[in-house]
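Contents: one structure, followed by commentary.
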Amino acid sequence: MTNSINKSCKMNLILKYIKRKLLMYWILRVCVISIFLVIGIVAYFILFPSIIYINSIDIPSFLVKTSAGEYELLNISTCPIVEINEEISLINVQKTVSSTQLDFIKQSVSSGGEWMPKHCIPQHHTAIIVCYRNRTEQLLTFLYHMHSFLQKQNIHYQIYVIEQTFDAEFNRGKLFNVGYREVTMRSLAGCFIFHDVDLMPENINNIYGCTSCPRHMSTSINVFNYKLPYYNIFGGAIAMTRRQFHDINGFSNVFYGWGGEDDDLFNRVYHRGYRVCRYPSFISRYTMLTHEKETPNENRMKYLRNGPKRFYTDGVDSVTYNLIKYEQLPLYTRILVNI
């Protein structure tokens with residue numbers, strides 16, 4: 001009897017030992033797999049970061065020529081880009097401008113808000129697309145500042161203001177899609193900058209041309225103490241080539257009201273295998289003009305979560321709108337639409 005009890009105890013001890021060993025084996029295995037998984041994720045983000053920071057000395061090598069050969073008959077040399085200089089003085093942003101100042105700018109700008117250097121062939125042909133509604137004073141300040149700023153950069157540019165009627169809530173992303181569609185039907189511009197009307201660049205080294213990666217231009221804004229509010233912010237001023245914007249299918253059209261469309265755009269860029277790039281913060285400085293806050297989009301988080309399902313069906317290829325007026329004014333091209 002005693003022997004059978006001893007045998008039973010030994011068997012139980014052996015079973016417990018085996019179970020403990022198996023448990024330790026699986027715990028160790030899970031830990032090792034988890035460690036390799038973490039190392040893999042970290043290595044991926046190090047080797048393939050979602051955002052590339054371009055050093056000031058490397059900016060020329062990242063810029064891509066976007067003029068489409070429309071200047072081939074001109075027997076003049078190619079324009080140099082602005083020399084990148086970390087000691088350059090920042091531009092003072094005037095919050096209000098006079099009619100006299102605007103009249104002075106009009107003397108050098110062609111109808112529709114177009115300008116190009118006369119003494120050399122520009123490397124960059126840029127369409128600046130601005131979404132707009134009911135901010136007249138800010139628009140005048142923007143036009144004065146931007147024309148004065150851009151003419152120092154030796155680029156061929158034109159400013160397009162996409163104005164939305166009051167029939168619906170403001171839709172920033174959809175207006176940018178409309179602007180791209182309208183501009184590409186009429187212009188050979190190869191670089192597109194999608195720009196808020198209340199942002200004024202401060203550093204002339206912030207070249208308004210496109211780079212080999214979609215660029216977040218406005219990374220350092222005064223109202224945020226010249227710091228990023230969050231890592232993957234992708235709003236304010238964005239530069240993309242035709243190919244880049246076409247590849248990601250532009251902006252989503254569903255974000256009425258404030259917020260969400262710029263984060264969705266970041267996701268589209270990343271989904272298509274691109275990496276967002278940024279210049280150093282001292283170059284990407286902007287002044288934001290004060291304005292009333294827009295009404296937040298209550299559904300923006302839901303649209304963001306469901307965004308990947310719509311990347312190929314909701315965008316610049318599917319945008320619908322009614323063109324009410326297309327007119328070339330002295331300082332910009334006005335495109336009035338109902339969306």
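Annotations for the structure displayed:
- Top-ranked residue in the stretch 271-298 [being part of a strand (DSSP E or B) and at pLDDT 85 or above; ranked as surrounded by the fewest Cβ atoms within 10 Å (Cβ to Cβ)]: M288
- Subset tally (residues that are under 19 Å from K293 (Cβ atoms) and either of a type in the set (A, V, I, L, M, F, W, C) or surrounded by 17 or more Cβ atoms within 10 Å (Cβ to Cβ) (or both)) for the stretch 201-234: 5
- When the stretch 123-143 is filtered for residues that are within 23 Å of N206 (Cα to Cα) and more than 23 Å from the chain's Cα centre (by Cα), only L140 remains.
- If you go through the stretch 133-179 and keep only what is open to solvent by 10 Å² or more (accessible area, probe 1.4 Å), closer than 22 Å to D262 by Cα and among the β-branched types (V, I, T), you end up with just T165.
- Selected residue [small (G, A, S) and free of Cβ contacts under 8 Å to residues at least 60 places away in the same chain] from G315, G259, G250: G259
- Counted residues, the stretch 104-120 - those being open to solvent by 80 Å² or more (accessible area, probe 1.4 Å) and either in contact with a Ser or Thr (Cβ under 8 Å, 6 or more places away or on another chain) or assigned to a helix (DSSP H, G or I) (or both): 2
- Residue pairs meeting the criteria (Cβ under 9 Å; at least 6 apart or on separate chains; first charged (D, E, K, R), in the stretch 221-247; second open to solvent by 90 Å² or more (accessible area, probe 1.4 Å) and part of a loop (DSSP other than H, G, I, E, B)): D247/R272
Conditions (1) more than 23 Å from N306 (Cα to Cα); (2) out of contact with any helix residue (DSSP H, G or I) (no Cβ under 9 Å at 6 or more places or on another chain); (3) aliphatic (A, V, I, L, M), marked per residue:
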| site | (1), (2), (3) |
| --- | --- |
| C213 | yes, no, no |
| T219 | yes, yes, no |
| N222 | yes, yes, no |
| Y226 | yes, yes, no |
| G250 | no, no, no |
| N267 | no, no, no |
| R275 | no, no, no |
| F282 | yes, no, no |
| H291 | yes, no, no |
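- Residues that are buried (at least 19 other Cβ atoms within 10 Å of the Cβ) and not in a loop (DSSP other than H, G, I, E, B) within the stretch 243-266 comprise Q244, F245, E261, D262, D263, D264, L265, F266, listed in sequence order.
The values are calculated or read from the model by the stated rules, or taken from the named source; none is laboratory data. On a predicted model such as this, the values are computed, not experimentally measured, just so you know. Methodologically, a virtual Cβ is constructed for each residue, glycine included, from the backbone with ideal geometry; neighbour enumeration extends over all protein chains shown. Just the protein is used for accessible areas: all its heavy atoms, side chains included, with ligands, DNA and RNA removed. Shrake-Rupley method; radii C 1.70, N 1.55, O 1.52, S 1.80 Å.
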